Amino acid sequence: MRNALGLMLASVVAAVVIAAGGWFYYSSRADQAAPKTIAARAADPLPAPAKLAAKDDVETTATIAGKPTTPVATPTPAAPVQQKSTCANPNALGVARVVEIDTTGGPGFGFEHFKQFDFLTDKEVVLTFDDGPWPNNTPAVLKALADECTKGLFFAVGKHATYHPEILRQVLAQGHTVGTHTWSHVNLNGKKMTEQQAKDEVEKGFSAVKFALGTNPAPFFRFPQLQHNPAIVTYFGTRNVAMFSTDLDSFDFRKESTPDKIVSNVMTKLDKLGKGIILMHDFQKHTAEAMPTLLARLKAGGYRVVQMKAKTTFQTLPEYDEALLKDLKVPTSSARPIASVVQTVSQ
């Protein structure tokens with residue numbers, strides 16, 4: 001009897017132990033599968049962004065010739081990657097502000113021909129360069145600008161862009177704005193120039209710059225020799241292209257030009273006007289040689305650089321893109337933008 005009772009008691013104890021063990025096992029498995037939810041703690045305030053050296057922390061401060069907007073930039077797949085880095089020069093000229101241009105209707109800038117949009121304040125300048133890209137000279141201009149952590153606006157000739165696309169891509173990759181300057185730098189007001197020929201020069205120039213960059217350029221244009229063809233001025237209104245004249249000419253293209261004369265021309269006129277869009281040529285050797293001194297003089301004189309960017313890019317016409325590729329004898333298979341063909345997957 002006693003043995004039977006003891007056996008029953010042992011059986012009960014064993015059952016309890018087994019049940020407890022099973023409960024512990026499944027409970028621990030459940031804890032692993034669905035962790036307990038805890039109340040979320042309010043996030044700590046984000047630290048203020050670190051201020052970049054030498055005026056490299058610029059922001060868009062204005063929209064010219066259009067309703068103020070804050071567009072969300074949509075990167076174009078074919079565009080070269082642009083990386084913003086801290087300026088290595090603590091005393092650089094830098095960029096004081098960036099203005100965004102709404103080119104709807106074809107606005108004009110530069111008081112030599114256009115008087116409507118006076119957006120620069122006292123001591124502000126826009127650095128513009130025509131006729132590139134060109135070996136040695138354009139890279140030298142880029143280096144001078146990079147050393148001072150500042151930016152310019154480049155009006156490329158279509159033919160030159162097809163000769164040296166790698167240089168023009170450098171211009172864009174370093175954060176400068178790229179517009180156009182016709183296909184072959186012809187005077188669009190020439191006596192034998194028809195309206196269709198002038199249109200072809202303009203559109204083919206845009207297609208050539210797009211071909212060189214691998215992406216759409218800015219809808220910015222400067223007439224060669226500042227000869228504004230009335231029919232093309234009207235046409236740009238329909239194509240939403242902003243036209244650029246100048247406030248002061250460096251005359252760096254003249255035969256007697258020297259680096260010292262270029263600096264003197266610019267600073268003498270600038271000190272008289274107090275501000276302005278400066279016309280130079282990255283095609284010219286003397287301009288490249290003058291740039292370090294000119295930028296130093298601008299900084300010493302208390303002048304500030306304004307960068308001009310476009311709200312949208314220029315949409316080229318397919319017929320001119322196709323005609324360009326045919327003229328250049330580019331195989332059809334090469335028409336794809338380089339970013340869609342070659343991509344860095346490890347570095």
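The values are calculated or read from the model by the stated rules, or taken from the named source; none is laboratory data. Just so it is clear, the model here is predicted, and its values are computed rather than measured. So basically every Cβ, Gly included, is an ideal-geometry build from the backbone, and we count neighbours across all protein chains shown. Calculation scope for accessible area: heavy atoms of the full protein, side chains included, ligands and nucleic acids excluded. Shrake-Rupley method; radii C 1.70, N 1.55, O 1.52, S 1.80 Å.
In the set K269, K261, only one residue is charged (D, E, K, R) and either closer than 25 Å to K115 by Cα or assigned to a loop (DSSP other than H, G, I, E, B) (or both); that residue is K269.
Within the stretch 201-209, identify whether any single residue is among the basic types (K, R) and in contact with a strand residue (DSSP E or B) (Cβ under 8 Å, 6 or more places away or on another chain), and answer yes or no.
The first filter runs over the stretch 201-209 and keeps only residues among the basic types (K, R), leaving 204.
Subset that is in contact with a strand residue (DSSP E or B) (Cβ under 8 Å, 6 or more places away or on another chain): none.
The answer is no, given that none of the residues of the stretch 201-209 is among the basic types (K, R) and in contact with a strand residue (DSSP E or B) (Cβ under 8 Å, 6 or more places away or on another chain).
Just to be sure I understand the filter: pairs with C-beta atoms under 7 Å, separated by 6 or more residues or on different chains, first member in the stretch 245-262 and open to solvent by 10 Å² or more (accessible area, probe 1.4 Å), second member in a strand (DSSP E or B) and small (G, A, S). Which pairs pass? Matching pairs, first to second residue: D247/G276. Scanning the stretch 123-144 for residues that are closer than 17 Å to R297 by Cβ and in contact with a Lys or Arg (Cβ under 7 Å, 6 or more places away or on another chain) yields K123, E124, V125. Within the stretch 93-118, being of a type in the set (A, V, I, L, M, F, W, C) and at pLDDT 95 or above holds for L93, V95, A96, V98, V99, I101, F109. Within the stretch 270-312, the residues that satisfy the criterion of being in contact (Cβ under 8 Å) with a residue 12 or more places away in the chain, open to solvent by 60 Å² or more (accessible area, probe 1.4 Å) and of a type in the set (D, E, K, R) are D271, K285, E289, R297, K299, R304, K309, K311. Looking across the stretch 298-324, the residues that are assigned to a loop (DSSP other than H, G, I, E, B) and under 18 Å from G158 (Cβ atoms) come down to T313, F314, Q315, T316, L317. Within the bounds of the stretch 105-115, is there any residue that is among the basic types (K, R) and farther than 18 Å from F244 by Cβ? There is no residue in the stretch 105-115 that is among the basic types (K, R) and farther than 18 Å from F244 by Cβ.
If you go through the stretch 226-256 and keep only what is assigned to a helix (DSSP H, G or I) and more than 20 Å from E100 (Cβ to Cβ), you end up with L226, P230, A231, I232, V233, T234, Y235, T238. Which of the residues that make up the stretch 93-135 are among the polar types (S, T, N, Q), open to solvent by less than 30 Å² (accessible area, probe 1.4 Å) and outside any strand (DSSP E or B)? Selection gives T103 alone.
Would you check which residues across the stretch 133-142 are more than 20 Å from T293 (Cβ to Cβ) and either among the charged types (D, E, K, R) or in contact (Cβ under 8 Å) with a residue 40 or more places away in the chain (or both) and list them?
P133, W134
For the stretch 147-225, the helices (runs of 4 or more DSSP H) that sit wholly inside it and include 2 or more residues that are under 18 Å from the mean Cα position of the chain (by Cα), surrounded by fewer than 21 Cβ atoms within 10 Å (Cβ to Cβ) and among the charged types (D, E, K, R) are 165-173.
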